[in-house]
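Engineer: Attaching a single structure in structure tokens format; questions to follow.
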Amino acid sequence: MNRPIIEVENLHKTYVVGDIKVHALRGVNLTINKGDFVAIMGASGSGKTTLMNLLGCMDVPSMGSYRLDNVDIQSMDENSLADIRNQKIGFVFQQFFLLSRTTALDNTELPLLYRKDLKKNQRKEMSLKALEIVQMSDRLDHHPNQLSGGQQQRVAIARAIVNNPVILFADEPTGNLDTRTSLEVMSCFQQLHKNGITVILVTHEPDIARYTNRIITFRDGKIKSDVINNEKNNAADDLKNLPVDDETAD
């Protein structure tokens, strides 16, 4: 049985806006095991993005406990949290956040520049491996403006996994992409999951959530449902079967 990699108990997050308290999370209890592929869904304001920010160590809870890979997060200072984000977590966002004047290879290498234990040749080797995993080895010297949206997102995924994180967070990673490109990106995530990476994906699209193994739905800062997806779709197969009329030049 896989061990828990995320353990959350009675998690609350309250924001104060003037004289008003906004309760973004209201007592969330959640366990995610190593190797899970989870979609977190919910309407705008439901708490799903707040949860991702907390799980990704970009924010701290107002109350409750959070353990990541058996580490007690709320006991850490900002420097320790930064180390956790760099060493254990990979992030993929709706916006690609690639440096425009930097090649795919150099964009992928960026997180490794904070690693004092790595030499230049080691950083390059790790970056090449990450780009190979996302099938971008033939675009090493291309700049973002020379890449399609799907290719840019795959470079962003390579950058997120280059440090061999224990968990990969993706926040609306297909939000700006057409159908064909979204399937390419989800196929990439499914392959990463198959390779053993734990993936947590925030999306408002049911069609995207169906490619994950587990779907958690939020409403009003609480978990409304948490179900195993026994009818998971295969993105690579759907990509092959996509009608020609649905193809978009990218």
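Engineer: Pairs needed: first member in the range 233-249, at pLDDT 60 or above; second member anywhere, assigned to a loop (DSSP other than H, G, I, E, B) and charged (D, E, K, R); C-beta distance under 8 Å; at least 6 residues apart or different chains.
Structural biologist: Final answer for the pair search is Asn233/Arg210.
Engineer: If you take the residues in the range 209-244 that are outside any loop (DSSP other than H, G, I, E, B) and among the β-branched types (Val, Ile, Thr), which one is surrounded by the most Cβ atoms within 10 Å (Cβ to Cβ)? Can you show your working first?
Structural biologist: So the first thing to find is which residues in the range 209-244 are outside any loop (DSSP other than H, G, I, E, B), and the list is 209, 214-219, 222-228, 235-240, 244.
This time we only want the ones that are among the β-branched types (Val, Ile, Thr), so: 215-217, 223, 227-228, 244.
On the way: Ile215: 20, Ile216: 23, Thr217: 18, Ile223: 20, Val227: 9, Ile228: 9, Val244: 5.
My answer is Ile216.
Engineer: Condition (residue is free of Cβ contacts under 8 Å to residues at least 24 places away in the same chain, more than 29 Å from Glu231 (Cβ to Cβ) and in contact with a Ser or Thr (Cβ under 6 Å, 6 or more places away or on another chain)) applied to the range 34-54: is it met by at least one residue? Quick ask: steps written out before the conclusion?
Structural biologist: Filtering the range 34-54 down to residues free of Cβ contacts under 8 Å to residues at least 24 places away in the same chain leaves 45, 53.
So of that shortlist, the ones also more than 29 Å from Glu231 (Cβ to Cβ) come out as 53.
Still in the list and also in contact with a Ser or Thr (Cβ under 6 Å, 6 or more places away or on another chain): none.
Within the range 34-54, not a single residue is free of Cβ contacts under 8 Å to residues at least 24 places away in the same chain, more than 29 Å from Glu231 (Cβ to Cβ) and in contact with a Ser or Thr (Cβ under 6 Å, 6 or more places away or on another chain).
Engineer: Output the number of residues of the range 13-35 satisfying the condition of being in a strand (DSSP E or B) and among the charged types (D, E, K, R).
Structural biologist: 3
Engineer: Can you name every residue in the range 111-129 that is touching a residue at least 40 places away in the same chain (Cβ under 8 Å) and either acidic (Asp, Glu) or touching a Ser or Thr at 6+ places or on another chain (Cβ under 8 Å) (or both)? Show your work before the answer.
Structural biologist: Of the range 111-129, the ones touching a residue at least 40 places away in the same chain (Cβ under 8 Å) are 111-112, 115.
Scanning the range 111-129 gives a single hit, Leu112.
Engineer: Same structure again: Within the bounds of the range 30-40, is there any residue that is among the polar types (S, T, N, Q) and more than 16 Å from Val166 (Cβ to Cβ)? Break it down into steps so the answer makes sense when it comes.
Structural biologist: Initially, the range 30-40 is screened for residues among the polar types (S, T, N, Q), giving 31, 33.
Keeping just the survivors that are more than 16 Å from Val166 (Cβ to Cβ) gives none.
Within the range 30-40 (the criterion being among the polar types (S, T, N, Q) and more than 16 Å from Val166 (Cβ to Cβ)), the answer is no, since none of the residues qualifies.
Engineer: Please state which one of Thr108, Thr50 is buried (at least 20 other Cβ atoms within 10 Å of the Cβ), in contact with a Leu (Cβ under 8 Å, 6 or more places away or on another chain), more than 24 Å from Gly221 (Cα to Cα) and among the polar types (S, T, N, Q).
Structural biologist: Only one candidate passes the filter, namely Thr108.
Engineer: Is it the case that Ile73 is closer than 23 Å to Phe218 by Cβ and in contact with a helix residue (DSSP H, G or I) (Cβ under 8 Å, 6 or more places away or on another chain)?
Structural biologist: Judged against the criteria, Ile73 is a match.
Engineer: Here is a further query. In the range 160-177, what residues are under 13 Å from Ile208 (Cα atoms), assigned to a loop (DSSP other than H, G, I, E, B) and modelled with pLDDT of 90 or more?
Structural biologist: Glu172, Pro173, Thr174
Engineer: Taking Asn145 as the residue in question, decide whether it is out of contact with any Lys or Arg (no Cβ under 8 Å at 6 or more places or on another chain) and closer than 16 Å to Asn176 by Cβ.
Structural biologist: Details: out of contact with any Lys or Arg (no Cβ under 8 Å at 6 or more places or on another chain): yes; closer than 16 Å to Asn176 by Cβ: yes.
Taking the combined requirement at face value, the residue satisfies it.
Engineer: Still on this model: How many residues does the range 115-138 contain that are crowded, with 20+ Cβ neighbours inside 10 Å and under 19 Å from Ser182 (Cβ atoms)?
Structural biologist: 2
Engineer: Further question: Looking at (1) touching a Lys or Arg at 6+ places or on another chain (Cβ under 9 Å); (2) closer than 22 Å to Ala158 by Cα; (3) surrounded by fewer than 20 Cβ atoms within 10 Å (Cβ to Cβ); (4) not aliphatic (A, V, I, L, M), find the lone condition where Gly90 falls short.
Structural biologist: So the condition that Gly90 fails would be (3).
Engineer: Can you list residue pairs whose Cβ atoms sit under 8 Å apart, with the first residue in the range 185-208 being touching a residue at least 60 places away in the same chain (Cβ under 8 Å) and in a strand (DSSP E or B) and the second being surrounded by 15 or more Cβ atoms within 10 Å (Cβ to Cβ) and hydroxyl-bearing (Ser, Thr, Tyr)? Count only pairs 6 or more apart in sequence or on different chains.
Structural biologist: Val199/Thr212; Leu201/Thr212; Val202/Thr49
Engineer: Which ones in the range 130-148 are under 23 Å from Ile89 (Cα atoms) and touching a residue at least 12 places away in the same chain (Cβ under 8 Å)?
Structural biologist: Across the range 130-148, the qualifying residues are Ala130, Leu131, Ile133, Val134, Gln135, Met136.
Engineer: For the range 164-183, enumerate the residues that are over 25 Å from Leu242 (Cα atoms) and surrounded by fewer than 20 Cβ atoms within 10 Å (Cβ to Cβ).
Structural biologist: Asn164, Val166 - these are the residues of the range 164-183 that are over 25 Å from Leu242 (Cα atoms) and surrounded by fewer than 20 Cβ atoms within 10 Å (Cβ to Cβ).
The values are calculated or read from the model by the stated rules, or taken from the named source; none is laboratory data. Computed from a predicted model, the values in this text were never measured in an experiment. Heads up, the Cβs are rebuilt from the backbone with ideal geometry, glycines too, and the neighbour counts pull from every protein chain shown.
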